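A.B. asks: Quick one: structure below, then a few questions.
Please treat every number below as a calculation from the coordinates, not as lab data. Just so it is clear, the model here is predicted, and its values are computed rather than measured. We place every Cβ from the backbone using ideal geometry, glycine too, and count neighbours over all the protein chains shown.
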Amino acid sequence: MAQRIRVLLLIPHLGGGGAEKVTALLACGLPPEKYDVHLGLVTAESVGTEILPEPVTVHRIDAGRVRYAAGRLLRLVWQVRPAVVLSNMAHLNFLVLALRALFPRGVRVVVRQNGTVSAMLDADRRPWLARLLYRVLYRRADRVICPSAAMANDLSAALGIEAGRIVVLPNPVDVEAIREAAQGPSLWAGPGPHLLAVGRLAPEKGFDLLIEALAQVRREFPQADLLIAGEGRERSALEAQARRFGSWAMSTGRTAFTRERRCLCSRRGTRACPTRCSRQRRAGCRLWRRRLRAAWSIFLEA
């Protein structure tokens, strides 16, 4: 049998967001007869590792923060000696590329860009520093993966990185799992409108504003309910907030939470893809309320 290709996937952790889901799906999807898959988790958080198949070797660096992981990350690369390192998340990409000169000879380094660079620079507190790191370090990668052509074009235009170094590779989808999950019972009850919000449960996503907005929307649509699909460190706080506005059981037409995202989109009335667009809580709540009303009006007219 031909020698397997050793691959080291790097991610801060597997809890919550889209980049983490992509990494987990990739780790599960690479055929073990061809690839020897290793997964390096920078932080101590172990959420999500339970879904990984046995052939995947998990290494917990336990550095707390990416910025403190340089020494341990370097030791891991020398220990595993992969043919390819694939890093996810920009701040981890910066560290990996900064350390690349110290990696064993012949190790290829690929980084995955998980956001539109121009937008990330606009939102950064120190855009000049982020732009400098992107320009200097991303040129050290053998390839930069972007999930879409629009992101690839933006990356090339914003940073001046040659197009030949950028590869467009859409995010993976577990089609069979989606089909299987779609056969299950509906998660909604009552006439609705049924609202679905999908995303990592983190402050920047603005789910707290969405829950506040729903309480006000229900004055006009008393049967409206909301299902938030995601995971993250804000879960407990958001569940407590939802309970303050009423029961969090879905059958009461309030707000419920689930980790399961795969079987939801074909059954929802309106979908919310969240982010916090305003620093003012009241303005953000008004924005969500307007979006919910507008989305439901469009759905009724369709």
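A.B. asks: Treat each spin label as a single point 7 Å out from the Cα along the C-beta direction, and report the R135 to A101 distance in nm.
C.D. replies: Result: 1.9 nm between the two label points.
A.B. asks: Then there is this: May I ask you to list the GluC sites (Glu not before Pro) in the range 173-241 that are in a DSSP loop and have at most 11 other Cβ atoms within 10 Å of their Cβ?
C.D. replies: Taking the range 173-241 and a limit of 11 other Cβ atoms within 10 Å, the loop GluC sites (Glu not before Pro) found are E220.
A.B. asks: How much length, in nm to one decimal, is gained on full extension between E33 and L74, taken as 0.36 nm per residue of separation minus their Cα-Cα distance?
C.D. replies: Extra length available between E33 and L74 comes to 12.1 nm.
A.B. asks: Take the Cβ-Cβ distance between L52 and R6 as r, set R0 to 25 Å, and report the resulting FRET efficiency rounded to the nearest 0.05.
C.D. replies: Efficiency, from the Cβ-Cβ distance: 0.90.
A.B. asks: Here is a follow-up. What percent do you get for the relative contact order of the range 16-133 when only Cα pairs under 8 Å and 6+ apart count?
C.D. replies: 19
A.B. asks: What number comes out for the charge environment of S156, summing +1 per Lys or Arg and -1 per Asp or Glu over other residues with Cβ under 15 Å away?
C.D. replies: So the surrounding residues net to +3.
A.B. asks: Using Cβ contacts closer than 10 Å as the measure, can you line up H91, H38, H59, H194 from fewest to most? All intermediate terms of the calculation are to be shown ahead of the outcome.
C.D. replies: Numbers: H91 13, H38 21, H59 18, H194 25.
Fewest-to-most ranking of H91, H38, H59, H194: H91, H59, H38, H194.
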